[in-house]
Structure formats: structure tokens, C-alpha cells
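Coordinate-derived values only; no laboratory data. Predicted model only: the values in this text are computed from it and were never measured. All Cβ positions, glycine included, derive from the backbone under ideal geometry; neighbour counts span all protein chains shown.
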Amino acid sequence: MRDPGICGKHQSIVRRRSRYRQRDVITQPETRTSYEIGYPSRLSLQPEVDLHTYISLFRMATDPFPQRLPTLDQLGVTDPSNVSPSEVATEWLSGFSAAITQIDAGAVVDLFLEDGFWKDVIALTWDLRTFEGTKDIKKLLDARLAATDLREICLLEEPLREPALQRMFPDLTWVRFCFGFTTKHGKGTGVVYLVPFPDSKWKAYSLLTCLDSLTEFPEKVGPLRHNKADHGTWEENRLQEIEFSTNDPTVLVIGAGHSGLEVAARLKYIGVPTLIIDKKPRVGDNVRPVSISMFNCRLTESRTVR
Ligand SMILES: Cc1cc2nc3c(=O)[nH]c(=O)nc-3n(C[C@H](O)[C@H](O)[C@H](O)COP(=O)(O)OP(=O)(O)OC[C@H]3O[C@@H](n4cnc5c(N)ncnc54)[C@H](O)[C@@H]3O)c2cc1C
């Protein structure tokens, strides 16, 4: 019988699972080449593995993933291990910054691989968007560069963010670095992966822009924290806050999972009254049975987190 909660594709996976259970191994056709992102061709599956985990592993193994990695072979270069990552990053970023300042989308995309990526988290699009290829990246910039006033681009050099040459595989090397930026609405962080070209130039394989804070809604941290004494009214105030007895929420978050809780916490930081609702009675009920069965925990009711 069909499970109404599982789509047709997953139904067939459920059937396959029982078929393969005897040998516990699924062999997929070998698809990985040094030019493609691939996944292991053999997945060892244990009968007790949770269905969701099984489905996600199976999908990883079979989904087409045509993205071609910029391997050294494909780029026609030899291993560039003698370069200074700081110099490479600084030179690329200065060209990028100049092109952004002049609102010259054509010059910006010249700094990218033809099939490079620009992933934006809120900063330029107020959304989570990925633009693939210079044609789409140019469209993004034509539409949003002037409107968002992207500026003040500066290399970040603190530990973990400083430019680094990373050799991911014998045939895949890139320079990764981070930069800070400002827009009309706030401050953000960018992450860039540069790959080498035969003419010693480096181009962006991918670039991420992520808005970290909003200028007009600073997080209430450090000196902006609520610093007045509550004089014994904390509990009462907290109850009013929870019950919304004196005000209405500005934002309603549906679902108190990881994402909902995180969104609500961030909104609280910037002073936006937020109510979270969930169809389950307790926070965490969504994952509790799954996690317990997956890790075979023998938790007594008194030890579970309430
Ligand atoms: C088996 C398993 C093991 C995992 N292990 C880990 C791990 O070890 N570490 C890790 O970081 N991640 C783990 N994950 C992933 C992690 O659980 C998810 O990434 C995370 O829960 C996603 O959070 P979310 O808020 O997007 O969705 P969810 O956690 O699914 O939250 C959605 C919430 O919305 C509620 N909801 C849904 N519909 C409605 C509605 N109509 N009205 C009201 N409420 C609604 C649900 O009850 C739920 O509380 C695991 C996932 C699975 C399946």
C-alpha cells in the first residue's frame, strides 16, 4: 500500500530497500570522473538505518550532478603550489572592488569562470539565490548592484578567514579567501574560491555574499544590551513576553525546528517581537522519535529533554 506521506520516487526506494536488504550493498554505475562532482558508487546500508537517512543517501548517489569542477587539467595549468595566496586574493579583490565601485557588471563577470557561481544570502537579493554562469551573474548585477550600493570591499585576514591555498584533490586546487562589505542596508561577509588560469591570472569559481547585520536594526549585544536592573520584575516581564499579553507579535514563525528557533532568536536579538508556533506539543518533538530510533538510545522519559 502506498504511504501517503512518501512520494512515488521514495516508494520505489522503499521497495528497493527491501530487495537489497539481503546483501546490504547497493552498487551504482560508476559515474565519477575527475571532472565531475560524484558520490561514492557503493553505499553500505544497514537494515536499521533510518528511512530518511537512507533516502537522502540514495538520492545523493543517483541524482544527476552535471556540475564540472575546475580541475587543473580542465583549466590547462600545472599545480600552482608556489603562489602567495594573499597576493592572489589581493590582486583579484582589487579588480573586483574597482569594477563594483564603477558598477561595471561586465568587468565583474570577467573575473569569473564562465560557469562560475554567485551565491547570495540576503545581501543583494533579500533571498537565498544561486546564480550559475556569467550570463546570470551579469543579470543579477545589472539588476541589483546599483540598488544595493555594494561597497567598502576589504580583504579579511583574521585566522580562519585569511587567504589560503587549498588542495582539495590532486587535480583540484584553489585560493579561498573572505572579504567584508557594506550595502545600503547593512554589513556582510563574502567568501571566494579562485582557480588558476594558464596566463597566471586567477578567476572566481564561486563567490558567496551573505548579509550579517542590518544597519538600522543593530543586534542588542555588548553596549546595546538591556542593562537596566529588573528589580524583581524579570519573571513577570518574561511571562508577558511569552503570553503577548501587552503587545502583538510582529512576526509569526511556523515550526519550532532548527530553522524556526534560529530565526526567532535572531529576530529577538534585533528587538522584533516574534511568536513561534508548532503543530507538536514540545520543542524537539519532531526529531525526538527519529533521533532516538536512529541512535538506539535507551532514554527513559525522565532523561529526555523537555
Ligand atoms: C535521522 C536524522 C538525523 C539527523 N541528525 C542530525 C544531527 O546529528 N545533527 C544535525 O545538525 N542535524 C541532524 N539532522 C538534520 C536536522 O534534524 C535538520 O537539518 C533540521 O531539523 C532541520 O530543521 P528545520 O527547522 O528546517 O526543520 P524541522 O526540524 O523539520 O522543523 C520543522 C518544524 O515545523 C513543524 N511544523 C511542520 N509543519 C507545521 C505546520 N503545518 N504547523 C506548525 N508546525 C509545523 C514541525 O513539527 C517541526 O517542529 C538529522 C535529520 C534526520 C532526519
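Panel note: the C-alpha atoms of the range 147-306, placed on their principal axes, show extents of 67, 46, 29 Å (largest first). Ranked from largest, the principal axis spans of the Cα set of the range 73-214 equal 41, 33, 25 Å.
Counted by neighbouring Cβ atoms within 10 Å, the residues Cys210, Cys154, Cys178 run from fewest to most as Cys154, Cys210, Cys178. Summarising the overall dimensions of the range 222-288 from its C-alpha atoms, the Rg and Dmax are 13.7, 39 angstrom.
For Lys119, the residues whose modelled amide H falls within less than 5 Å of its own, excluding neighbours fewer than 5 places apart on the same chain, are Phe131, Leu207, Leu208, Thr209.
Couplings 3J(HN,Hα) for the range 281-288, derived from phi with the Karplus relation 6.51 cos²θ - 1.76 cosθ + 1.60 (θ = phi - 60°), are x, 10, 4, x, 4, 4, 9, 4 Hz, where x marks Gly and Pro. Site pair His226 and Ser84 shows an inter-label distance of 5.1 nm when each label is modelled 7 Å from Cα along Cα→Cβ. The residues packed around Arg161, meaning those with a beta-carbon under 14 Å from its beta-carbon, carry a net charge of -3 if Lys and Arg are +1 and Asp and Glu are -1.
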